[in-house]
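A.B. asks: First the structure, which I've put down as structure tokens, then a few questions once you've had a look.
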């Protein structure tokens with residue numbers, strides 16, 4: 001036989017589910033513009049049925065209403081992983097692009113004041129002097145052109161040294177930032193485990209940090225059964241006790257980071273070092289070629305490095321030789337190749353950033369279509385849950401009237 005109070009229990013469960021659904025919908029609406037917030041939903045199922053006897057021989061089951069199973073975030077793990085991978089790739093490309101842009105500014109080619117221009121001016125000064133060997137003013141102009149070459153070369157070399165130092169500082173700052181994220185993620189892991197696997201808002205906060213961390217390094221994230229995250233990089237588990245480590249002596253040769261912004265900065269530092277070496281080969285080679293004269297004394301001294309290179313203003317200028325002409329031609333060819341390769345790499349980096357940004361935005365749009373809050377949808381849900389709550393309240397009211405009839409009116413008879 002069905003209990004007289006069965007309707008009250010069924011209605012009470014329906015009210016609880018309706019109330020939780022309305023509260024969750026309100027939470028979604030309130031956080032529609034909160035960065036990193038994931039839409040939440042109430043997961044419900046029918047309560048265990050009751051065995052009743054419909055007659056003396058045939059048993060049956062009577063429904064007992066609804067139960068709340070969980071309140072969970074709406075997330076797509078595949079899209080989350082894809083977003084992290086693409087964010088890391090974009091961070092790497094952006095770091096390289098920024099470095100290439102700065103290198104192009106330092107090289108400053110083509111221009112009227114770049115290294116190629118001052119090399120041409122010095123070559124022209126040799127031609128003028130060859131036409132008028134005894135012209136004192138032609139000799140003075142040649143030496144001044146040589147000094148301009150030294151100043152431009154040393155300025156470029158100094159700028160590249162400063163750029164490498166800046167990249168070192170950026171790497172250190174990015175590593176410190178990454179380690180800070182690890183600390184915060186580890187603390188949130190502990191809070192989520194203590195609070196239970198349905199700590200949705202804490203999980204959202206953790207995912208925001210994970211996204212920031214993925215832009216710095218190509219991490220892999222695995223969610224454990226207790227709700228905590230295990231973060232790994234190149235197979236190494238990372239937590240607040242296992243930091244990102246960069247070799248203090250040479251950040252370009254020993255690092256566990258091979259992607260993301262940190263990896264991009266490290267690669268950029270290597271690239272700057274290589275170009276600086278190529279520039280030194282060009283500058284010292286050009287100076288040595290200009291010393292190839294017949295008679296006279298060398299125009300340049302200390303030609304082993306750009307930083308120490310000087311012009312011998314007291315030099316007695318000799319006659320240019322075929323070796324000078326060949327040497328200058330070879331050096332200019334090498335420099336033009338350096339500039340061309342840098343330009344191609346810079347264009348490639350610019351295209352890569354544009355492509356990766358578009359790809360990441362497309363993934364983010366797909367992810368928002370799953371996890372984002374739609375106010376129109378939430379308003380429709382609010383109306384639906386309101387009607388459900390009202391119907392549950394009417395069920396309880398009806399059951400109460402039935403009980404009143406049984407208790408009060410039947411007793412009166």
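No value in this document is a laboratory result; all are computed from the given coordinates. None of these values were measured; they are calculated from a predicted model. Ideal geometry is used to build each Cβ from the backbone, glycine not excepted, and the neighbour counts take in all protein chains shown.
A.B. asks: For the residue pair residue 197 and residue 375, what label-to-label distance in nm results when each label sits 7 Å from Cα along the Cα-to-beta-carbon direction?
C.D. replies: 3.6
A.B. asks: If one takes the longest principal axis of the Cα atoms in the chain, at what angle in degrees, from 0 to 90 and to the nearest 10, does the Cα axis of helix 136-195 lie?
C.D. replies: 20
A.B. asks: Can you give the FRET efficiency for residue 165 and residue 333, using 1/(1 + (r/R0)^6), R0 = 25 Å, r = Cβ-Cβ distance, to the nearest 0.05?
C.D. replies: That gives a FRET efficiency of 0.20.
A.B. asks: Roughly speaking, what % of Cα-Cα pairs in region 112-222 are separated by over 23 Å, rounded to a whole number?
C.D. replies: Across region 112-222, Cα pairs with separations above 23 Å total 60 percent.
A.B. asks: So, R0 is 30 Å and r is the distance between the beta-carbons of residue 154 and residue 322; what FRET efficiency does that work out to, to 0.05?
C.D. replies: Taking R0 as 30 Å, the efficiency between residue 154 and residue 322 is 0.55.
A.B. asks: Once fully extended, how much extra length lies between residue 237 and residue 64, figured as 0.36 nm per residue of separation less the alpha-carbon to alpha-carbon distance?
C.D. replies: 57.5 nm
A.B. asks: Which of 273, 195, 372 ends up with the largest GNM mean-square fluctuation for the chain, with Cα atoms connected below 10 Å?
C.D. replies: 195
A.B. asks: Then there's this: Using a 10 angstrom cutoff on alpha carbons, build the Gaussian network for the chain and name the most mobile of 353, 152, 344.
C.D. replies: For the chain, modelled as a Gaussian network with Cα springs under 10 Å, the answer is 344.
A.B. asks: If the elastic network links every pair of Cα atoms under 10 Å, which of 105, 363, 284 fluctuates the most in the Gaussian network model of the chain?
C.D. replies: Among 105, 363, 284, the largest GNM mean-square fluctuation belongs to 105.
A.B. asks: May I ask you to sort 370, 383, 339 by Cβ crowding, counting other Cβ atoms within 10 Å and putting the fewest first?
C.D. replies: 383, 370, 339
A.B. asks: Specify whether the C-alpha gyration tensor of region 265-413 places it in the rounded, prolate or oblate class, a ≥ b ≥ c being the square roots of the eigenvalues: rounded for a/c under 1.5, otherwise prolate if a/b is larger than b/c and oblate if not.
C.D. replies: prolate
A.B. asks: Further question: Just round it to a whole percent: the fraction of Cα-Cα distances in the chain exceeding 34 Å.
C.D. replies: The calculated P(r) of the chain puts 58 percent of pairs beyond 34 Å.
A.B. asks: Is the shape of region 41-160 best called rounded, prolate or oblate, per the rule: a/c under 1.5 gives rounded, else a/b larger than b/c gives prolate, else oblate, with a ≥ b ≥ c the square roots of the Cα gyration tensor eigenvalues?
C.D. replies: Note, shape of region 41-160 comes out prolate.
A.B. asks: Something else about it: Return the distance in nm (one decimal) between the two label points of a simple spin-label model at residue 281 and residue 5, each offset 7 Å from Cα along Cα→Cβ.
C.D. replies: The modelled label-to-label distance comes out at 9.1 nm.
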